[in-house]
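*Asks:* Provided herewith is a single structure, encoded as structure tokens, for subsequent inquiry.
Derivation of every value follows stated rules applied to the coordinates shown; laboratory data play no part. Keep in mind it's a predicted model, so treat the numbers as computed, not measured. Backbone-built Cβ (ideal geometry, glycine too); neighbour counts: all protein chains shown.
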Amino acid sequence: MPHSPDLEQALRAAGLRVTRQRTAVLHAVTAHPHSDTAAIIDRARETIPDLSHQAVYDSLHALTDAGVVRCIEPAGSAARYETRTGDNHHHLVCRSCSRIVDVDCTIGAAPCLTPGQDHGFVIDEAEVVFWGLCPSCSPATPEPIERTLHV
């Protein structure tokens with residue numbers, strides 16, 4: 001892994017010590033957003049071959065707690081990690097190949113959805129996951145689908 005002042009600065013800005021393990025894990029997440037832990041371990045080991053599973057889990061935990069990375073957990077999927085944080089964006093997930101892509105908030109600033117009743121909660125985030133088939137998995141001429149939005 002090349003020396004990365006940007007990654008080191010991100011760690012310092014979040015109040016974290018800069019370690020080889022954290023830098024390798026952050027580099028893996030930055031280079032491959034929406035990766036699961038197994039993929040992050042494999043990619044981080046390209047830099048630190050003897051990196052333990054526990055060191056990766058500890059790094060991911062510290063990075064998530066500090067807000068440097070975000071953990072998403074689509075239904076039926078392992079936890080995935082990304083460095084796009086703080087903007088309340090959403091995700092598209094392919095039902096066939098599990099590909100995940102980012103989708104900007106559809107209605108302005110966070111939270112971009114407002115419930116009919118807040119029950120006294122101070123709401124600061126809405127999590128939305130759109131499900132479907134990515135272009136590689138969808139048929140060439142999809143049949144029209146009637147959709148009903150339930151809010």
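*Asks:* Residues with beta-carbon under 11 Å from that of His89, excluding His89: net charge, scoring Lys, Arg +1 and Asp, Glu -1?
*Replies:* -4
*Asks:* State the extension gain, in nm to one decimal, for the chain segment bounded by Asp65 and Val129, taking 0.36 nm per residue of separation less the distance between their alpha-carbons.
*Replies:* Using 0.36 nm per residue and subtracting the Cα-Cα distance, I get 20.8 nm.
*Asks:* Semi-axes of the equivalent ellipsoid of region 87-138: what are they in whole Å, largest first, if each equals the square root of 5 times a C-alpha gyration tensor eigenvalue?
*Replies:* They are 27, 11, 8 Å, listed from largest to smallest.
*Asks:* When the Kirkwood radius is taken over all Cα pairs of the chain, what Stokes-Einstein diffusion coefficient follows at 25 °C and 0.890 mPa s, in µm²/s?
*Replies:* 141 µm²/s
*Asks:* Let me ask something else about it. Over region 87-138, what is the percentage of antiparallel beta bridges among all DSSP beta bridges, to the nearest 5?
*Replies:* 50 percent
*Asks:* May I pose another question? Ranked by Cβ crowding within 10 angstrom, fewest neighbours first, how are Arg22, Arg45, Arg12 ordered?
*Replies:* Going from least to most buried by this count: Arg12, Arg45, Arg22.
*Asks:* Now a separate question. Apply 1/(1 + (r/R0)^6) to the Cβ-Cβ distance of Arg45 and Ala14, taking R0 = 22 Å, and write down the FRET efficiency to the nearest 0.05.
*Replies:* 0.40
*Asks:* Across every pair of different alpha-carbon atoms, what Kirkwood hydrodynamic radius in Å does region 5-72 reach?
*Replies:* After inverting the mean inverse Cα-Cα distance, the result is 11.6 Å.
*Asks:* Using 0.36 nm per residue, how much length does the chain from Ser96 to His119 gain when fully extended, once their Cα-Cα distance is taken away?
*Replies:* Value of the extension gain: 4.6 nm.
*Asks:* By counting other Cβ atoms within 10 Å of each Cβ, how are Cys71, Cys134 ranked from fewest to most?
*Replies:* Fewest-to-most ranking of Cys71, Cys134: Cys71, Cys134.
*Asks:* Can you put Ser52, Ser35 in order of Cβ neighbours within 10 angstrom, beginning with the fewest?
*Replies:* By the 10 Å Cβ count, ascending: Ser52, Ser35.
*Asks:* Between Asp104 and Thr83, what's the calculated FRET efficiency when r is the beta-carbon distance and R0 is 22 Å? Round to 0.05.
*Replies:* Rounded to the nearest 0.05, the efficiency is 0.90.
*Asks:* So for the chain, taking the charge dipole from beta-carbon charges (+1 Lys/Arg, -1 Asp/Glu), which of Ala10, Ser96, Gly116 sits furthest toward the positive end?
*Replies:* Ala10
*Asks:* Amide H neighbours of Cys105 under 5 Å, counting only residues 5+ apart in sequence or on other chains, H built in-plane at 1.01 Å?
*Replies:* Under 5 Å from the amide H of Cys105 lie the amide H atoms of His90, each far enough along the sequence or on another chain.
*Asks:* Which whole-Hz couplings ³J(HN,Hα) result when phi for each residue of region 114-126 is put into the Karplus expression 6.51 cos²θ - 1.76 cosθ + 1.60, θ = phi - 60°, listed in order with x for Gly and Pro?
*Replies:* Along region 114-126, the couplings run 10, x, x, 9, 8, 6, x, 6, 9, 8, 10, 7, 10 Hz.
*Asks:* From the helices alone, meaning DSSP H stretches of at least four residues, give me the mean residue ellipticity at 222 nm for the chain, per-run term -39500 (n - 2.57), in deg cm²/dmol to the nearest 500.
*Replies:* Taken over the chain, the calculation gives -8500 deg cm²/dmol.
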